[in-house]
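Structure record follows, encoded as C-alpha cells.
Since every read-out is calculated from the coordinates, none of them should be taken as a lab result. The model shown is predicted, which means the values in this text are computed figures rather than measured ones. Here the Cβ is made from the backbone with ideal geometry for all residues, glycine too, and neighbour counts use every protein chain on show.
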Amino acid sequence: MCTAGMLGATTPAGAGGEITVTGKVQSGVESRCMVLPAQGRSPYLLLGGDPAVVKPGAHLVVRGHPEPGAPTTCMQGTPLHVSEAHPA
C-alpha cells in the first residue's frame, strides 16, 4: 500500500532497509533537533540532511535508514539517517 502524499506517511523505499517518510518537519524539544511525524507511530528524528532543506516548517519527502535505539542527544523519536530530502 502506497501512502505517499499523506501527512506523516511512511513507505518502504527498497533494499537496504531504507524508508521514505513524507511530512512537515518540526522542531524537537532539544536545540537543533528536527523531527518528522510518522502516521500511526512515534516521530522520526532526522539525522543529517542539508540544513537549508531539513528545517522546521518544511514539508518534505525524506528517504533514509532508521536506526531504532541509536544514542542521540535529542531524546525524541526514532533516529533516521537522512540520505535524501526534498520538498514534497
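Once both labels are modelled 7 Å past Cα along the beta-carbon direction, what's the Arg32-Val53 spacing in nm? The modelled label-to-label distance comes out at 2.1 nm. Computed extension length for Glu18-Arg41: 6.6 nm, one decimal, from 0.36 nm per residue of separation with the Cα-Cα distance subtracted. For the stretch 36-88, the fraction of alpha-carbon pairs lying more than 19 Å apart is 20 percent, rounded to a whole number.
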